[in-house]
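Here the structure is laid out as structure tokens; the discussion comes afterwards.
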Amino acid sequence: MPIIKSAIERVKTNEKANARNSAQLSKMRTAVKKFEKAKTAGADNVEALYREAVSAVDKAQSKGLIKANKAARDKSRMAARLAK
């Protein structure tokens with residue numbers, strides 16, 4: 001544990017950011033998995049789940065959690081999966 005006050009504050013800030021980032025990434029992954037599972041099962045709400053997943057990927061990319069190329073690749077794969 002750091003002794004210097006600024007370092008202590010930085011640790012607290014980093015822990016908060018880590019929790020926030022982890023939650024956002026988890027939300028994105030869950031949305032993508034829900035879409036994949038619904039598409040495999042042949043559910044009727046696939047369109048809505050697709051939109052949610054794309055939105056979650058876009059939010060993760062805008063927050064800097066994933067790179068632009070990964071976001072584009074994920075969305076492209078989901079769009080191709082939706083079209084099939």
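Please treat every number below as a calculation from the coordinates, not as lab data. Being a predicted model, the structure only gives us computed values, none of them experimental. Every residue, glycine as well, gets a Cβ built from its backbone with ideal geometry; the counts of neighbours run over all protein chains shown.
Criterion applied to ALA38, ALA23 was being among the small types (Gly, Ala, Ser) and under 13 Å from the mean Cα position of the chain (by Cα), and the one residue passing it is ALA23. If you check LEU49, LEU82 for being in contact (Cβ under 8 Å) with a residue 24 or more places away in the chain and hydrophobic (A, V, I, L, M, F, W, C), only one passes: LEU82.
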